[in-house]
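Enquirer: Structure in structure tokens, see below.
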Amino acid sequence: MDEINSLMQGFSVAMTLPNLGFMLVGLLLGILIGVLPGLGGANGVAILLPLTFSMNPTSAIIMLSCIYWGALFGGAITSILFNIPGEPWSVATTFDGYPLAQQGRAAEALTAAFTSSFVGALFAVLAITFLAPLLARFALKFGPAEFFAVQMLTFCSFIGMSKEPPMKTLAAMMLGFALAAVGMDSVTGQLRMTFGFPVLLKGFDFLIAVIGLFGIGEILLTMEEGLAFKGKSAKINFRIVWQTWKELIRHWRTFLRSVLIGCWMGITPGGATPASFMSYGMARRAAKDKDSFGKGNIEGVIAPEPAAHAAGTSALLPMLTLGIPGSPTAAVLLGGLLIWGLQPGPLLFVEQKDFVWGLIASMYLGNIVGLIVVLTTVPWWAAILRIPFAVIAPVIIFICAVGAYTVHSSIFDVIMMLVFGVFGYFFKKLRYPLAPLVLALVLGDMAESSFRQSMLLSQGEIGIFYSNWLVGGLMALSIFLLLVPMWAGLKSMLRRREAGAHLGR
Amino acid sequence: MGPGNEAAGLNRRIPEAGVALALLVGGLIVIVDSLRVGIEWADDGPRAGYFPFFIGVLLAFSAAWILLQAVLGWRKETKLFSQWSELRDVRAMLLPTTAFIVAIPFLGLYVPGALLIGFFMHRHGNFGWLTTALTAIAVPVTFFLIFERWFLVPLAKGPVEAWLGF
């Protein structure tokens, strides 16, 4: 068992005192980010990324990934106590979590949410431990055409699985690619779309886009909704935890289903949010007492949480092995790898063993420590949310501006952040999805270079994309995923026409 | 959805068409610029516009599609983008933020940050002068300590910081 040995080695990397310290700092910051509106996993990590430029990459990724786990945990606190999802993936948790809190069972709901998140993450990390090395070994044989096919698959499945209108998904994605193309072309050295402005030479940094789209955009949206935080309070003691745990074991079926959905949605870039909704829906369909859902059924908390956490965690699997992130936050972490000088992809498992296995080991540790931290510090975080929005909003704007500035010490970036923020507001309101935009911005250069390399190999023959079973299969799957929404759209159009015909008669 | 509804807010079709139009223009810019740098093959492989050209075409196509749908459904659209009162709340955030960012090149990050927090707390929070002033100063000072002292990452500074000797 090579994996076990490597994992043990990883633990010895992650268990050093400084790394444990970074883990704790990351978790606390992450919960804070998850609790506050306008600061989510993706832009929280983006803002803190510049602070890690000088750190050792292993410590840096441990801290940043712990911010991610913390944000995943933190989202549940606001959902249950305040009926405000701190993160999009905890929307489904509010359905039953808040009613439970209203009935005075907040502690129970929180314990259930945290524990089930933890279980979800644990299974996803197990999947990463054993699947990632296999996938990486397999991917070592990939040529540029195969990589482009995998990237194609990622983007097509976005269009296919997105709940947003497919044309808007496509537009958002292409905008990401277009922004990624701005600046100097790395192959020919030619300038593209700079129009004589020297600030555009380096192109648009995805960190700025993430901070603007998710941070400023979210604050503007929150402002519009006019949030007043009126929450329930909760204290968790050991007796309640123990009782809830005993009850949770009875729901193992729900756990298993949610974890599987989560892992699948995380590896394919469906993301945590659809995974949580899907598990909630499936749990409701499978339950005997369907009517109790939405009124405070503990299963309504147990179903979405492990799925969201499993999806969030397993999103790192394609990021580490193929260099393709499964979620916006994973995309930001990927950007971090590039900045620290590590090339994500299959070679990472060969060349940077300490880094990869240190990270994987830290996922186990981080989630255990995270569970203990959230269970013991809930009243604290609830108190933070009682700070009025009139204080929180400008402070978050300030933090975003600081984060945008530190990326390149450029004031132009801060201005771009505001522009992205306004766009983010309109995009969110008009249902353009932001995740494909960010992913395209991160992967744009990589996708372009693998496409051009494949074209060079084949001398411009498009046939290279079905030259062997692997590439052909990936491409066929991509096209299939692309056509799914069109098929659904066609069906609903026919149905509408039929209904119209009936009305006409 | 009578005229009363219209008066209460901004109809969705206007921002819908506006954003689609902006994306369409963006797509056309990408196409034109790709044609400028060349989309065909040179001796050493595809030229710089080869890949972005496709991107531009797809962007323009999807934006045109959305725009077309918005225009075709122009009269039927009854959904609101936002209530006017909600848009006023957004403006209440957006204008001070813009002012804050415009001030950064002249004053650095810290002073405009303090002003932004102070303005907001005073205007929307019903806080006393002392609480407002203390919070507005404490936040940037904390950031100064974390960034400049602990992580040694310098942030933009202006005349006030220079006068204080940093």
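Throughout, read-outs are computed from the coordinates displayed, never taken from laboratory work. Just so we're clear, the structure is a prediction, and the values are computed from it rather than from any experiment. A quick note on method: Cβ atoms are made from the backbone with ideal geometry, for glycine too, and the neighbour counts reach across all protein chains shown.
Enquirer: State, as an integer percentage, the relative contact order of the stretch B:3-78 based on alpha-carbon contacts under 8 Å between residues 6 or more apart.
Expert: In percent, rounded to a whole number, it is 39.
Enquirer: Okay, moving on. Given 25 °C and 0.890 mPa s, compute D for chain B with the Stokes-Einstein relation, Rh being the Kirkwood radius over Cα pairs; round to the nearest whole µm²/s.
Expert: 118 µm²/s
Enquirer: Quick check: Cα centre of the stretch A:31-82 to Cα centre of the stretch A:191-207, how many Å?
Expert: Centre-to-centre distance over Cα atoms comes out at 29 Å.
Enquirer: Roughly how far apart, in whole Å, are the Cα centres of the stretch A:422-499 and the stretch B:46-122?
Expert: Between the Cα centre of the stretch A:422-499 and that of the stretch B:46-122, the gap is 25 Å.
Enquirer: Using +1 on the beta carbon of Lys and Arg, -1 on that of Asp and Glu, and nothing else charged, what's the dipole of the stretch B:84-164 about the Cα centre, debye to 20?
Expert: 60 debye
Enquirer: How much FRET efficiency would the formula 1/(1 + (r/R0)^6) give for B:TRP150 and B:GLN83, where r is the Cβ-Cβ distance and R0 is 60 Å, rounded to 0.05?
Expert: 0.85
Enquirer: In addition: Hey, rough spin-label estimate for A:LEU347 and B:LEU95, points 7 angstrom out along Cα→Cβ, what's it come to in nanometres?
Expert: For A:LEU347 paired with B:LEU95, the spin-label model returns 5.5 nm.
Enquirer: Also, I was wondering about something else. Which of the aspartates and glutamates could a cross-linker span from A:LYS141 if the Cα-Cα distance has to be under 17 Å and same-chain partners fewer than 8 positions apart are dropped?
Expert: Within the straight-line cut-off, A:LYS141 pairs with A:GLU351.
Enquirer: For labels at B:ALA22 and A:LYS141 in the simple 7 Å Cα→Cβ model, what's the distance in nm?
Expert: Inter-label distance under the simple model: 4.7 nm.
Enquirer: Still on this structure, I have one more. Looking at chain B, which longest stretch skips every one of the trypsin sites (Lys or Arg not before Pro) that is in a DSSP loop with at most 12 other Cβ atoms within 10 Å, leaving the sites themselves out?
Expert: B:80-166
Enquirer: Direction-averaged shadow area of the convex hull around the Cα atoms of the stretch B:77-166, nm²?
Expert: If you wrap the Cα atoms of the stretch B:77-166 in a convex hull and average its projections, you get 8.2 nm².
Enquirer: Here is a follow-up. For the protein assembly as shown, what is the convex hull volume of its Cα atoms per residue in Å³?
Expert: Dividing the Cα hull volume of the protein assembly as shown by its residue count gives 181 Å³.
Enquirer: Under unit Cβ charges (Lys, Arg +1; Asp, Glu -1), what dipole magnitude, rounded to 20 debye, does the protein assembly as shown have relative to its Cα centre?
Expert: Here the protein assembly as shown has a charge dipole of around 2020 debye.
Enquirer: Set the bar at 21 Å for Cα to Cα. Now go through A:LYS429/B:LYS76; A:LYS295/A:LYS429; A:LYS163/B:LYS76; A:LYS290/A:LYS428 and name every pair that lies beyond it.
Expert: A:LYS295/A:LYS429; A:LYS163/B:LYS76; A:LYS290/A:LYS428
Enquirer: Identify all aspartates and glutamates with a Cα-Cα distance to A:LYS353 below 15 Å; exclude those on the same chain that are fewer than 8 residues away in sequence.
Expert: Those aspartates and glutamates meeting the cut-off are A:ASP2, A:GLU3.
Enquirer: Give, in nm to one decimal, the length gained when the segment between A:LEU201 and A:ASP354 is fully stretched (0.36 nm per residue of separation minus the Cα-Cα distance).
Expert: 51.5 nm
Enquirer: While we're here: Along the charge dipole of the stretch B:3-78, which of B:LEU23, B:LEU10, B:VAL57 sits closest to the positive end, that is, farthest toward it, with unit charges on the beta carbon of Lys, Arg, Asp and Glu (+1, +1, -1, -1)?
Expert: B:LEU10
Enquirer: For the stretch A:376-410 and the stretch B:13-36, what is the separation of their C-alpha centers, rounded to whole Å?
Expert: 34 Å
Enquirer: Still on this structure, please answer the following. Using Cα pairs closer than 8 Å and at least 6 residues apart in sequence, work out the relative contact order for chain B, in percent.
Expert: 21 percent
Enquirer: Something else about it: Counting Lys and Arg as +1 and Asp and Glu as -1, each charge on the Cβ, what is the dipole of chain B about the Cα centre in debye, to the nearest 20?
Expert: Roughly 540 debye, rounded to the nearest 20.
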